[in-house]
Amino acid sequence: MQIMSSINFDRFDVQILDALQHDARSTHQKLSQTIPLSPSQIGRRIQRLEEAGVIDSYRVNLRPERLGLSVLAFINVFLDHHGEAVVRDFASAVADLPEVLEAYAVSGEADYWLRVQVPDLPSLSRFVMHTLMCVPSVRSVKSTIALEPVKRSAPLPLGHA
């Protein structure tokens, strides 16, 4: 399997990546119990994958509702005009908003999709009306509120190799 032109992946790399997606806290020793490599070999491979940028970061997935952030919304953003400076300024403004968990430039009707997490509906209203709509070049937004999660934080499907 070749994912990037600068690095070739073998079945051990795929097994390591798959295992780390399920439990990023696995030690090299623990990984070596299911992957037929020594802990030091696994450590070297992980370091190579980190240096190649395949492993971007390690993080903890928190349950937002347990932290008082019970409203998840997907917001379509429509800009009133486009251009390099507008796109750069919008991306910069969105990057500074802690409520925005993810932002994507998209094709189709909307210009951007945002995944936003807030405590409640009044907070979502304030965020949309007093923060997002105040970003220069935002013409309009369309919000969709998630009712309940069906699947979250799924590992990437590495089985296609």
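Looking at Ser57, Ser38, which one is within 19 Å of the chain's Cα centre (by Cα) and either over 15 Å from Pro155 (Cβ atoms) or open to solvent by 30 Å² or more (accessible area, probe 1.4 Å) (or both)?
Numbers: Ser38 fails: within 19 Å of the chain's Cα centre (by Cα).
Just a single option satisfies the conditions, and that option is Ser57.
Starting from residues that are polar (S, T, N, Q) and over 18 Å from Pro98 (Cβ atoms), keep the ones in segment 126-152 and report whichever is least open to solvent (accessible area, probe 1.4 Å).
Just the residues of segment 126-152 that are polar (S, T, N, Q), to begin with: 131, 137, 140, 143-144.
Add one more test, that the residue is over 18 Å from Pro98 (Cβ atoms), and what stays is 137, 140, 144.
Values: Ser137: 19, Ser140: 36, Thr144: 76 Å².
Out of the qualifying residues, it is Ser137.
What are the pairs, 6+ residues apart or on separate chains, where a residue within segment 79-96 that is in contact (Cβ under 8 Å) with a residue 60 or more places away in the chain has its Cβ under 9 Å from a residue that is part of a helix (DSSP H, G or I) and of a type outside the set (Lys, Arg)?
As it stands, the answer is Leu79/Val86; Leu79/Val87; Leu79/Phe90, since those pairs meet every condition given.
Could you tell me whether segment 36-51 includes any residue that is in contact with a strand residue (DSSP E or B) (Cβ under 8 Å, 6 or more places away or on another chain) and over 30 Å from Trp113 (Cα atoms)?
Within segment 36-51, one or more residues are in contact with a strand residue (DSSP E or B) (Cβ under 8 Å, 6 or more places away or on another chain) and over 30 Å from Trp113 (Cα atoms).
Taking the condition at pLDDT 95 or above and either within 29 Å of Cys134 (Cα to Cα) or among the polar types (S, T, N, Q) (or both), does Leu72 pass?
Here the answer is yes, as Leu72 does meet what is asked.
In segment 7-24, which residue that is assigned to a loop (DSSP other than H, G, I, E, B) and either among the aliphatic types (A, V, I, L, M) or in contact (Cβ under 8 Å) with a residue 24 or more places away in the chain (or both) is surrounded by the fewest Cβ atoms within 10 Å (Cβ to Cβ)? Walk me through how you get there before you give the answer.
Narrowing segment 7-24 to residues assigned to a loop (DSSP other than H, G, I, E, B): 8-10, 23-24.
Next cut, either among the aliphatic types (A, V, I, L, M) or in contact (Cβ under 8 Å) with a residue 24 or more places away in the chain (or both) only: 9, 24.
Working: Phe9: 19, Ala24: 13.
Among residues in segment 7-24 that are assigned to a loop (DSSP other than H, G, I, E, B) and either among the aliphatic types (A, V, I, L, M) or in contact (Cβ under 8 Å) with a residue 24 or more places away in the chain (or both), the one surrounded by the fewest Cβ atoms within 10 Å (Cβ to Cβ) is Ala24.
Taking the stated definitions as given, is Gly68 in contact (Cβ under 8 Å) with a residue 24 or more places away in the chain and at positive phi? Break it down stepwise before answering.
Values: in contact (Cβ under 8 Å) with a residue 24 or more places away in the chain: yes; at positive phi: yes.
Spelling it out, Gly68 is indeed in contact (Cβ under 8 Å) with a residue 24 or more places away in the chain and at positive phi.
For residues in segment 88-138 being in contact with a Lys or Arg (Cβ under 9 Å, 6 or more places away or on another chain) and among the small types (Gly, Ala, Ser), which is nearest to Glu65 (Cα to Cα)?
By that ranking, first place goes to Ala103.
When residues of segment 77-125 are filtered for being open to solvent by 40 Å² or more (accessible area, probe 1.4 Å) and within 15 Å of Ile145 (Cβ to Cβ), how many remain?
Count: 9.
So Ser140 ticks every box in (1) farther than 30 Å from Gln29 by Cβ; (2) among the small types (Gly, Ala, Ser); (3) in contact with a His (Cβ under 9 Å, 6 or more places away or on another chain) but one. Which box is left unticked?
Single failed check for Ser140: (3).
State all residues of segment 144-161 that are of a type outside the set (Lys, Arg) and under 22 Å from Arg63 (Cα atoms); if no residue qualifies, say none. Break it down into steps so the answer makes sense when it comes.
The first filter runs over segment 144-161 and keeps only residues of a type outside the set (Lys, Arg), leaving 144-150, 153-161.
Listed by number, the residues that qualify are Thr144, Ile145, Ala146, Leu147, Glu148, Pro149, Val150, Ser153, Ala154, Pro155, Leu156.
Determine, yes or no, whether Gly43 is on the phi > 0 side of the Ramachandran plot and not hydroxyl-bearing (Ser, Thr, Tyr). First the steps, then the outcome.
Values: on the phi > 0 side of the Ramachandran plot: no; not hydroxyl-bearing (Ser, Thr, Tyr): yes.
So Gly43 does not fit the description; no.
Within segment 32-46, is there a residue that is under 30 Å from Ser137 (Cβ atoms) and out of contact with any Ser or Thr (no Cβ under 8 Å at 6 or more places or on another chain)? Outline the logic, then answer.
Taking segment 32-46 and keeping what is under 30 Å from Ser137 (Cβ atoms), we get none.
No, segment 32-46 contains no residue that is under 30 Å from Ser137 (Cβ atoms) and out of contact with any Ser or Thr (no Cβ under 8 Å at 6 or more places or on another chain).
The values are calculated or read from the model by the stated rules, or taken from the named source; none is laboratory data. Since the model is a prediction, treat every value here as computed from it, not as a measurement. Cβ atoms come from the backbone with ideal geometry, glycine included; neighbour counts cover every protein chain shown. For accessibility, only protein heavy atoms count, side chains too; no ligands or nucleic acids. Shrake-Rupley method; radii C 1.70, N 1.55, O 1.52, S 1.80 Å.
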